[in-house]
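Have a look at the structure below, then the notes.
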Amino acid sequence: MPATPEERQMVRLTAWVRGRVQGVGFRWWTRARALELGLTGWARNLEDGRVEVVAEGPRESCDALLELLRGDDTPGQVTGVVERWSDPKGAVVGFVER
């Protein structure tokens, strides 16, 4: 089934992932999944133990990444994900670990 115009819409996803997500390869894993989905952005550790993930691209790809972040196959242990959707800024090339 082809993607709807809403699913193809370009968006920016900011997700804050909490749990045991630092020091377990979580940012590297997130980068690999985002690149597979054709997204740009970054993943970085926050001082409070969370990982911030910022991804830009088609809505359906960002939705897929969010589903993966909430899934059971992540490194470490995710206990929660809070997301915010906004318009893309387009300033990032590739997907990096910060």
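The values are calculated or read from the model by the stated rules, or taken from the named source; none is laboratory data. Worth saying up front: this structure is predicted, and the values here are computed from it rather than measured. Cβ placement follows ideal geometry from the backbone for every residue including glycine, while neighbour counts extend to all protein chains displayed.
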(Q) Here is a list: E67, E60, E47. Which entry is over 13 Å from F26 (Cβ atoms) and in a loop (DSSP other than H, G, I, E, B)? (A) E47
Q: Among the residues of the range 40-56, write down those that are in contact with a Ser or Thr (Cβ under 8 Å, 6 or more places away or on another chain) and on the phi > 0 side of the Ramachandran plot.
A: none
Q | Meets criteria (more than 19 Å from R98 (Cβ to Cβ), touching a strand residue (DSSP E or B) at 6+ places or on another chain (Cβ under 6 Å) and of a type outside the set (G, A, S)) for Q22 | A | no
Q. Looking at (1) in a strand (DSSP E or B); (2) out of contact with any Leu (no Cβ under 6 Å at 6 or more places or on another chain); (3) within 19 Å of M10 (Cα to Cα), can you tell me which one A55 breaks?
A. (2)
Q. Filtering the range 57-93 down to residues that are over 13 Å from the mean Cα position of the chain (by Cα) and among the small types (G, A, S), which residue is nearest to W16 (Cα to Cα)?
A. G80
Q. From the list G57, G90, G71, G41, which residue is of a type in the set (G, A, S), exposed (fewer than 13 other Cβ atoms within 10 Å of the Cβ) and in contact (Cβ under 8 Å) with a residue 24 or more places away in the chain?
A. G90
Q: List the number of the failed condition for L35; all other conditions in (1) without any contact (Cβ under 8 Å) to a residue 60 or more places away in the chain; (2) in a helix (DSSP H, G or I) hold.
A: (1)
Q: Could you check how many residues of the range 1-24 are surrounded by 13 or more Cβ atoms within 10 Å (Cβ to Cβ), of a type outside the set (A, V, I, L, M) and either modelled with pLDDT of 95 or more or under 17 Å from L68 (Cβ atoms) (or both)?
A: 8
Q. In the range 26-78, what residues are aliphatic (A, V, I, L, M) and more than 21 Å from K89 (Cα to Cα)?
A. A32, L46, L68, L69, V78
Q | Residue list for the range 25-36, filter: of a type in the set (G, A, S) and surrounded by 18 or more Cβ atoms within 10 Å (Cβ to Cβ) | A | A34
(Q) Going by what's in this entry, would A64 be described as of a type in the set (G, A, S), under 17 Å from R12 (Cβ atoms) and modelled with pLDDT of 95 or more? (A) yes
